[in-house]
1. For Leu80, are the conditions met, namely being closer than 15 Å to His37 by Cβ, modelled with pLDDT of 95 or more, among the aliphatic types (A, V, I, L, M) and not in a loop (DSSP other than H, G, I, E, B)?
2. When you go through Asp23, Asp54 one by one, which is the residue that is acidic (Asp, Glu), under 15 Å from the mean Cα position of the chain (by Cα) and either outside any helix (DSSP H, G or I) or surrounded by fewer than 15 Cβ atoms within 10 Å (Cβ to Cβ) (or both)?
3. Out of everything in the stretch 26-48 that is of a type outside the set (Ser, Thr, Tyr), outside any helix (DSSP H, G or I) and out of contact with any Phe, Trp or Tyr (no Cβ under 8 Å at 6 or more places or on another chain), what residue ends up being farthest from Gly137 (Cα to Cα)?
4. Scan the stretch 92-144 for residues that are surrounded by 15 or more Cβ atoms within 10 Å (Cβ to Cβ), in a loop (DSSP other than H, G, I, E, B) and either within 15 Å of the chain's Cα centre (by Cα) or aliphatic (A, V, I, L, M) (or both) and jot them down.
5. Within the stretch 2-15, identify whether any single residue is at pLDDT 95 or above and either under 30 Å from Asn90 (Cβ atoms) or part of a loop (DSSP other than H, G, I, E, B) (or both), and answer yes or no.
6. Out of curiosity, is Glu74 in contact (Cβ under 8 Å) with a residue 24 or more places away in the chain, surrounded by fewer than 17 Cβ atoms within 10 Å (Cβ to Cβ) and part of a helix (DSSP H, G or I)?
Amino acid sequence: MEPKQLSMSEILAETEKLSSRKDKIAFLRVHYSKHMHEALAFAYDDNVKWLVPDTAPPYRPLESQDAKMNLHRECRYGKLYYFTELRLPNGQVMPGKGSNVNPIRREQMFIDLLESIEAEDAKLLVALSQKKIPYRGVTQKLIEEAWGTYGKN
């Protein structure tokens with residue numbers, strides 16, 4: 001049986017525990033995922049605007065440790081594009097999938113997503129939507145050093 005793939009929150013928590021920058025970069029490189037890179041870039045890229053409130057919505061974290069869904073999988077399916085839009089350098093806005101969705105409906109979709117993924121991944125997603133990476137020592141600079149600038153590698 002193949003070992004379980006680490007969730008995004010598990011990868012970042014393990015990265016946070018490592019003491020040297022070199023070890024953190026090596027660990028991140030082993031666990032590279034295009035979708036994780038993109039999700040983290042959404043937290044620090046000023047051109048990405050989240051279309052959900054910048055406070056944690058009321059949601060019930062998933063209690064089961066055997067969650068079938070995690071943030072990796074949801075990112076693979078492009079779910080984050082329902083909650084974001086991209087501002088181009090020329091000021092033009094590239095709407096995401098959810099730009100035309102009623103804001104109340106979009107927030108409910110976000111809550112539904114949070115309630116369907118592993119609890120720690122849900123906490124991470126809320127932080128990303130607040131433009132934060134909630135792991136000590138896991139910075140934009142570290143991520144770019146390990147994986148390059150998102151979209152340019």
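The values are calculated or read from the model by the stated rules, or taken from the named source; none is laboratory data. The structure presented is a predicted model; accordingly, all values stated were derived computationally and were not measured. All Cβ positions, glycine included, derive from the backbone under ideal geometry; neighbour counts span all protein chains shown.
1. Numbers: closer than 15 Å to His37 by Cβ: yes; modelled with pLDDT of 95 or more: no; among the aliphatic types (A, V, I, L, M): yes; not in a loop (DSSP other than H, G, I, E, B): yes.
No: the conditions fail for Leu80.
2. On the way: Asp23 fails: under 15 Å from the mean Cα position of the chain (by Cα).
None of the others qualify; the one that does is Asp54.
3. Pass one, the stretch 26-48, residues of a type outside the set (Ser, Thr, Tyr): 26-31, 34-43, 45-48.
When the remaining residues are screened for being outside any helix (DSSP H, G or I), the result is 31, 45-48.
Subsequent filtering for residues that are out of contact with any Phe, Trp or Tyr (no Cβ under 8 Å at 6 or more places or on another chain) retains 31, 46-47.
Details: His31: 17, Asp46: 20, Asn47: 23 Å.
Here the answer is Asn47.
4. Val101, Ile117, Glu118, Gln130, Lys131, Ile133, Pro134, Tyr135, Val138
5. No, because not a single residue in the stretch 2-15 is at pLDDT 95 or above and either under 30 Å from Asn90 (Cβ atoms) or part of a loop (DSSP other than H, G, I, E, B) (or both).
6. Values: in contact (Cβ under 8 Å) with a residue 24 or more places away in the chain: yes; surrounded by fewer than 17 Cβ atoms within 10 Å (Cβ to Cβ): no; part of a helix (DSSP H, G or I): yes.
So Glu74 does not fit the description; no.
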